[in-house]
Amino acid sequence: IGSSPAFSIMLSKIARVGTTNASALLLGESGTGKELAARAIHLASERKDSPMVTLECAGLTESLFESELFGHVKGAFTGANTHKKGLVEMANGGTLFLDEIGDVPQELQVKLLRLLETGTYRPVGSAEVKTSDFRLICATHKNLEDMIEEKIFRSDLYYRINVFPIEMPSLAQRREDIPAIANALLTRIDNNNEYQLVESAMKVLLDHDYKGNIRELRNILNRAIVYADTNIIDRNVIQQCLAVSTSKQLSNANSHSVDLKTLEINYLKSLMEEFSGDRNSVAKIAGISVRSLYRKLG
């Protein structure tokens, strides 16, 4: 959803590569919709009637990676009580989406490269070589070229997956799309279509710096429905939602370096800033009396 130049360029690239069988590499910050883009590419291809299977590469051990990707036979290892079909086999005729490929450890990159170059693999514990015909889409929020220079990502794997790169724009790059995205998200969150974002709330949303991009915007709107006393989501409701995020960020940033009292003061000061010094609102959100707020802030 959107009409900004950055979004339009991305859409045109998806449309162009979708009708081909070329591998695509989706690059962008977390929360920009890389999985949705991968599905759009799949649905635009001749493989749309076959499955698109996804492997989340982050945090996988070598054994789990091989088992998930290639499958295993009964008795291959302790706990392998049945045969398991791997994602590569399930993607035969369709699309294999490797999400966060930048998180694949080096020792596993070799095995992945072999699969991509030959189209062959062996299930764990089996001597049988199998083949699979799939369309490859990868995604990452990391800078793979920097990782190559640091020798933590193989250059041959990079050039194998980077056939058609697509930049996924952040919300900062498509700020003019925020109203349309926010209203669409709110409609999906609110099944009864009861809630309405007014202009003052939209202005706050437009001014916010979204480190989590669309995912963060969706979380804010989910929170807004909880905070809203009526079906109107106004400036104060959105500021309450943002104040919760700010307090969590402060807590995460300072939890290992300051004492509890300082954390509390930082939290209350952040709320005061968010609500332009409105002590009644701050006290309500913090769950304390106005008198306690005066005492804590001195």
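Quick notes on this structure:
- GNM flexibility winner over the chain from Ser155, Ser276, Ser23 (Cα, springs under 10 Å): Ser276
- Over the chain: helical MRE at 222 nm, DSSP H runs n ≥ 4 each giving -39500 (n - 2.57), nearest 500: -15000 deg cm²/dmol
- Over segment 19-156, accessible surface divided per residue gives 49 Å², non-protein components excluded, 1.4 Å probe.
- Relative intensity, log₁₀ I(q)/I(0), of segment 199-244 from a Debye sum that treats every alpha carbon as a point, q = 0.34 Å⁻¹: -1.42
- For segment 9-131, the spread of Cα positions along each principal axis, largest first, Å: 49, 29, 24
- Centroid-to-centroid separation of segment 46-67 and segment 174-207 [C-alpha atoms, Å]: 34 Å
- Taking trypsin sites (Lys or Arg not before Pro) across segment 66-98, the ones in a DSSP loop with at most 14 further Cβ atoms lying within 10 angstrom of their Cβ are Lys74.
- Segment 30-102: GluC sites (Glu not before Pro) in DSSP loop, at most 14 other beta carbons within 10 Å: Glu46
- For segment 81-212, size of Cβ-based charge dipole, Lys and Arg +1, Asp and Glu -1, in debye: 600 debye
- Rg/Rh (Cα only; Kirkwood hydrodynamic radius) as it applies to segment 56-191: 1.08
- Taking a ≥ b ≥ c as the square roots of the eigenvalues of the Cα gyration tensor, an a/c ratio of 1.5 or more together with a/b larger than b/c marks segment 100-256 as prolate.
- For the residue pairs Lys34/Lys269; Lys84/Lys151; Lys85/Lys111; Lys130/Lys151; Lys85/Lys211, the C-alpha atoms sit more than 29 angstrom apart in Lys34/Lys269; Lys84/Lys151; Lys130/Lys151; Lys85/Lys211.
- Dimensions (Å) - segment 153-234, Cα atoms, principal axes, largest first: 57, 25, 18
- GNM flexibility winner over the chain from Asn219, Asn193, Asn236 (Cα, springs under 10 Å): Asn193
- Scaled to the globular estimate 2.2 N^0.38 Å, the Cα spread of the chain, given as radius of gyration, is 1.25.
- Restricting segment 181-214 to trypsin sites (Lys or Arg not before Pro) in coil, as DSSP defines it, with at most 11 other Cβ within 10 Å: none
The values are calculated or read from the model by the stated rules, or taken from the named source; none is laboratory data. Here the structure is a predicted model, which is why all the values come from computation and not from measurement. Note that each Cβ is placed from the backbone with ideal geometry, even for glycine, and that neighbours are counted across all protein chains shown. Each accessible area value is taken on the protein alone, full model and side chains, heavy atoms only, with ligands, DNA and RNA left out. Shrake-Rupley method; radii C 1.70, N 1.55, O 1.52, S 1.80 Å.
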